Amino acid sequence: MKYKDSLFILSALCGMPQWGMAQKDKGSDKPLNVVYIMTDDHSYQAISAYGHPIGKLAPTPNIDRLANEGVLFRRAFVENSLSTPSRACLMTGLYSHQNGQRTLGKGIDSTKVFVSELLQTKGYQTAVIGKWHMQCEPKGFDYYSVLEDQGAYYNPEFKTKESHGKYIREEGYATHLITDHAVEFLEHRNKKKPFALFVHHKAPHRNWMPEEKYLNLYEDVEFPLPETFYDDYKTRCAAAYSQEMEVGRDLQLIYDLKLNDPDSIGSPDERAGWEPSVKRMNAGQWKAWESAYAPRNKAFNDHPMTGDALVRWKFQRYMRDYLRCIKSVDDEVGRLVAYLAKNNLLDNTVIVYTSDQGFYNGEHGWFDKRFMYEESFRTPLIIRYPGKMNAGTTNDELVQNIDYAPTFLAIAGVEKPASFVGQSFLPLLKGEKPSDWRKYLYYHYYDYPAVHQVRRHDGVRDERYKLIHFYGEGFGKDMGNTISCNELYDLQADPNELDNLYGNPAYKEIADRLQAQLDRFRVEQKVDEY
Ligand code: SGN
Ligand code: CA
């Protein structure tokens, strides 16, 4: 069966739409469409609309345009800063321990209702394209074209309903192919029905492989080291010391930094990790790759670096490749929005831009995410509402990824199931603030022992303070090191979170207040480990 035919039959099976209290397109009676674009590991520091020095050097004009025509959230957060758990929060509106997906591996409780299924009951055509990353089939989607696990940058494999469980290789660069499939879905949809399209990019996830045309971009730009790059973790719990995600120590020369020439000082293991990426490329792609990296690698080998010079060199190469991948994402966001504009869909489509979590761009000396410190706990969130409602404004309320599902349901006019813990932030988009809007956020990270060795922790944050509790048995090099340790930060006085105030008598009242909130979350949400 052709993709077009299967969409037609599925849309017929979904039954007659009931529009209920849906948010309506101004000129007609149709409910609004939703385009949700989520990248993988895109830090807010690397979006120019957020005003960070990195974004200024590597601008993202197409994403900025969404901010100029929409609302930019400055306090948007995830519950568990890791891909699969984040995707499970998105689909279920539940915290990780409630939807089952606490870590990267198995876990999703696929008996939970997904937002996509609820949207279908309202007559929405639903599609997910790109990184799915959960160990259940995409549920509640009329159409999907998803990558295998993390997916590949070059010539990735996609699975669709029509491929019967098989992943089929496609020629090209992931960010383009994902946009191609998103546009195909829009082209072939039943134009009488509203749609919810989830576009989940693979980029800019590790190991940051740029597309051919951007292999030389930013080569002469020096990115500034963040203020906390040389953080010594003084005053912090053991977790900040024992992680394995330091730019200087843990970025791999071959796999991450593409020093793949035979003279590389990288280890054989790194070479083995890198080889599959090369084998995927076709001759033209490999030629372009080598013509960009081989001369740079030769220059490095001719003047090998050590010590701090090597650490700084690693930072620059990491940032350049990461930002090159983002450049392609920005282009493709522009292409998708241009399609919507050309097809008169901008006035009845809500466009969301976000990431599955934040990311460290050298802050605290790190790459990756996982910690409850701001750069990974926070995530970019920009929403363009039809009619350019509140265009160019910012919002500072505390919103979280468990709120996305309730927000989409509110847009569609579907009643939120009582089990969903997230709250719709549709009023915030309209410039209203509900009197009972949350004052505290709950965070919980579980994936330990695992790559990057970040210890388990949970915590709460209000608009100014943050309490983190690291806990649990140690494994590997931490064997025998069971921890139960707290950190408290005043984000106003110390936005870089360098000064742990826990135990400081002047902050006892604040620590007690946050502790009481943390206890309340644990009881009310039935948290079963901490
Ligand atoms: C892979 C990466 C890690 C990354 C996790 C989770 N290693 O394991 O660096 O933290 O994914 O990322 S890699 O060698 O495979 O690149 S997540 O975005 O999916 O949560
Ligand atoms: Ca991610």
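Read-outs throughout are calculated quantities, based only on the coordinates presented, and are distinct from any laboratory measurement. None of the values given here were measured: they were computed from a predicted structure. Neighbour counts run over all protein chains shown; Cβ positions are idealised from the backbone, glycine included.
Evaluate the charge dipole of segment 243-373 about its Cα centre and quote only its size in Debye, nearest 20, assuming +1 on the Cβ of each Lys and Arg and -1 on the Cβ of each Asp and Glu.
The calculated dipole for segment 243-373 is roughly 380 debye.
Within 10 Å of each candidate Cβ there may be at most 13 other Cβ atoms; applying that plus a DSSP loop requirement, which GluC sites (Glu not before Pro) in segment 457-493 survive?
Details: sites: Glu463, Glu473, Glu487; in loops: Glu463, Glu473.
Those that pass, being in a loop and sparsely packed, are Glu463.
Please list the non-local residues whose amide H lies under 5 Å from the amide H of Ile254, H modeled 1.01 Å from N, same-chain partners needing a gap of 5 or more.
Leu259, Ser267
Which of Val35, Val113 has the fewest other C-beta atoms within 10 Å, and how do the rest follow up to the most?
So the ranking, lowest neighbour count to highest, is Val113, Val35.
Output the Kirkwood hydrodynamic radius of segment 274-400, Cα pairs only, in Å rounded to one decimal.
The Cα-based Kirkwood calculation yields 18.6 Å.
Starting from the Cα gyration tensor of the chain, take the square roots of the eigenvalues, sort them a ≥ b ≥ c, and report rounded, prolate or oblate (rounded when a/c is under 1.5, otherwise prolate if a/b is larger than b/c, else oblate).
oblate
Nearest 500 deg cm²/dmol is fine: what mean residue ellipticity at 222 nm does the chain get from its DSSP H runs of n ≥ 4 alone, each adding -39,500 (n - 2.57), divided by its residue count?
Computed mean residue ellipticity for the chain: -10000 deg cm²/dmol.
Under 9 Å from the Cβ of Glu170, count the other residues' Cβ atoms, weight Lys and Arg +1, Asp and Glu -1, and hand me the total.
Around Glu170, the charge tally is -2.
List, in the order given, every pair from Lys122/Lys202; Lys131/Lys327; Lys161/Lys369; Lys122/Lys526 whose Cα-Cα distance in the structure shown is over 26 Å.
Lys122/Lys202; Lys161/Lys369; Lys122/Lys526
Find which of His469, Gly358, Ala412 sits farthest along the positive direction of the dipole of segment 335-489, computed with +1 on the beta-carbon of Lys and Arg, -1 on that of Asp and Glu, about the Cα centre.
Towards the positive end, the residue furthest out is Ala412.
I want to check the label-to-label distance for Asn155 and Asn216. Put each point 7 Å from Cα in the C-beta direction and report it in nm to one decimal.
Label at Asn155, label at Asn216, 2.5 nm between them.
Could I get the Rg over Rh figure for segment 89-160? Both from C-alpha atoms, Rh via Kirkwood, rounded to two places.
Using Cα coordinates only, the ratio equals 0.98.
With labels modelled as points extended 7 Å from the Cα through the Cβ direction, what inter-label distance (nm, one decimal) is found for Glu170 paired with Lys287?
2.5 nm
For a label point 7 angstrom out from the Cα of Arg74 toward its Cβ, which stretches of segment 488-512 have the backbone nitrogen within less than 19 Å?
Inside the label zone: 490-497.
Over the chain, what is the percentage of antiparallel beta bridges among all DSSP beta bridges, to the nearest 5?
Around 55 percent of the beta bridges assigned by DSSP in the chain are antiparallel ones.
How many nm is it between the label spots at Gln515 and Tyr339, if each spot is 7 Å from the Cα in line with the beta carbon?
For Gln515 paired with Tyr339, the spin-label model returns 5.4 nm.
Sorting Thr354, Thr394 on the 10 Å Cβ count, fewest up front, what's the list? Mind showing how you got there, number by number?
Working: Thr354 23, Thr394 14.
In increasing order of surrounding Cβ atoms, one gets Thr394, Thr354.
With r as the distance between the Cβ atoms of Thr235 and Ala294 and R0 = 51 Å, compute the FRET efficiency 1/(1 + (r/R0)^6) and round to 0.05.
So, using R0 = 51 Å, E works out to roughly 0.70.
At q = 0.11, 0.24 Å⁻¹, what base-10 log of I(q)/I(0) does the Debye formula yield for segment 133-237 when every alpha carbon is treated as an equal point scatterer in vacuo?
With one equal scatterer per Cα and no solvent, log10 I(q)/I(0) is -0.52, -1.41.
Eigenvalues of the Cα gyration tensor times 5, then square-rooted: what semi-axes does that give for segment 341-486, in whole angstrom, largest first?
Computed over segment 341-486, the values are 35, 18, 14 Å.
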